[in-house]
1. Just to verify a number: what accessible area does ARG247 come out at with the full protein assembly present, 1.4 Å probe, Å² rounded to tens?
2. What is the dipole size for the stretch 1-101, taken about its Cα centre, with +1 at each Lys and Arg Cβ and -1 at each Asp and Glu Cβ, in debye to the nearest 20?
3. Got a number for the accessible area of MET280? Probe 1.4 Å, square angstrom, nearest 10.
4. Run the simple label-point estimate for LEU51 and ALA31 please: 7 Å along Cα→C-beta, distance reported in nm.
5. Of all accessible surface on the stretch 224-325 at a 1.4 Å probe, what whole percent is carbon and sulfur?
6. As a test of the formula, what do you get for the chain when each DSSP H run with n ≥ 4 contributes -39,500 (n - 2.57) and the sum is divided by the residue count, at 222 nm and rounded to the nearest 500 deg cm²/dmol?
7. Going down the table (LYS91/LYS195; LYS83/LYS324; LYS83/LYS215; LYS186/LYS352; LYS83/LYS352), which pairs top 20 Å between alpha carbons?
8. Just need the relative contact order of the chain here, percent rounded to a whole number, with Cα pairs under 8 Å and 6+ apart.
Amino acid sequence: MQFPIFQSTDSILTVILLMVAFALWVQKFKAFKYIGPALTVIVLGMILVNLHIVPGSQDVYGVIITYCVPMSISIYLLNVNLKELAKLSGKALAALVSAVFSVCLVAAVFGVIFGGKMPEGWKIAGMFVGTYTGGSGNLTAIAVGLDAANDTIAAANAADYVIGMPTLFLMFAAPALFQNVKFLKKIWPFELEEKERVGEGDHPVLMGDEKWSIKDIAWLLAISILIVTISTKLSAFLPSDFASAGRVLLISTFSIAAAQIPFVNRLRGNINLGLFFGMMYLAIIGFSVDLASFFGSTMIITVFCFCVIIGSILLHLLISRFLKVPYEYVILGITGAIADGTTASLVASSAKWNRLISVGLLMGVVGGVCGNYAGILVAYLIRAIIGA
C-alpha cells in the first residue's frame, strides 16, 4: 500500500492553499480562463490524490467543509443591496424573471425525466438551478445544503464546464448576431434606442483593481461567522432530512437581511473572500473523487446539463418575445442567470452597451439571491415527484 507524501494537517493545509493560489494565478492565461478557477482546483485535487501526494481523507477536510462553504455563502450575499432593484426598468426585470423562471421550469421537467437515471439526480437538478440562476457559488451552496456526494459535485462542475463554455461564446456573439442578421431583426424587432444603450461614456470599469482594507475583511469574517453560528443553531430545530438545506436557506436569508444595513453593504472584498473559501472546499472535493464513479456518471449528467441550458434559453426567448422585451435585455438576462453578473456586464461592455453594464451586473446579483431558494425548492419538488 502506497502512503501519501503529505499526511500531517499543516502540510495538507499548505498544499490546499497553494492549489487555490495556483488556480487563481493561472486565470491570466486564456486556456485556464475558459476552464475557470473552480474546475481547475477540482482537477488539481483529483491529480494530487491519484498520484498519492495527498490522502483521500483526513480530519482537516471535515473542518474545512464545515466552515468554508457556509461562510462563503454568507460573505457573497453580504453585498446584496435590494434597493438596487429599483434601478431595473420594467422590461429589464421582465427579462430577468423570464430567465430565472425558464431555468427552474426546464430543470424541473428534465429533472423528473433524468432523476431516476443518475445517482442523486434530484440534487443535481437543484444544483443546476442554482448555478444557472446565480452562478457557480450557488451550485456549491446547494450541493452542501442537499448533502450531495463529492463525486456528484465534481461531475456536475465538469458537465457545467463542457456545456457552459460554448454557451458563453454564444452569449458574447449574440449582440452582433442581433444587430447584423436581418432575419433575426425581422422576428425580433424590439430594441433599445442608441442613447439607451451607449450613453455618454460614464460607465463602470470592469475587471479593475478592487479596493478594500483589512478592516473590511475582519468585519466580513465576523459578521459571516455570527450568521453561520445562529443559522446552525436554528437549523437544529428543523426536521433532520431538511436541516442541512434549511441551514443554507437561513444563512442566505440572514445574510441578505444584514446586507441592507448601510455599514455592512459598504464593506468591500466580498467576491474575493467568498471565492477563496469556496475554492478551499472544492479542493477537498477533488481529493475525495472516485475516478471510476466520476467518469461513469459524467456523461448522463452532461446530457442533462445540455437539456437544461438549451431548454432554458429557448423558453426564455419564447417568453421574452411574447412580452416584447428588447433583445439587449433578453441577452443580458439569460447571461446573468446562466453565468453571472460580471459575465453579463462583460457582454454589455464588449458590445459597447455602456449604459447597460451596470444593468448586467445587477441582473447577476438578483439571480444570485434567487439561486439558493429556487435550487432547493426545485430539488425537493423533483424528489417528491420521483419518490427519491
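The values are calculated or read from the model by the stated rules, or taken from the named source; none is laboratory data. Since the model is a prediction, treat every value here as computed from it, not as a measurement. Please note: Cβ atoms are built from the backbone with ideal geometry, for glycine as well, and neighbour counts cover all protein chains shown. These area figures cover heavy atoms from the full protein model, side chains too; ligands, DNA and RNA do not enter into them. Shrake-Rupley method; radii C 1.70, N 1.55, O 1.52, S 1.80 Å.
1. It works out to around 50 Å².
2. Dipole size: approximately 620 debye.
3. Only protein atoms counted, so the area is about 20 Å².
4. It is 1.5 nm.
5. About 77 percent, which is the carbon plus sulfur part of the accessible surface.
6. -25000 deg cm²/dmol
7. Going by Cα-Cα distance, LYS83/LYS324; LYS83/LYS215; LYS186/LYS352; LYS83/LYS352 fall outside the 20 Å limit.
8. Answer for the chain is 36 percent.
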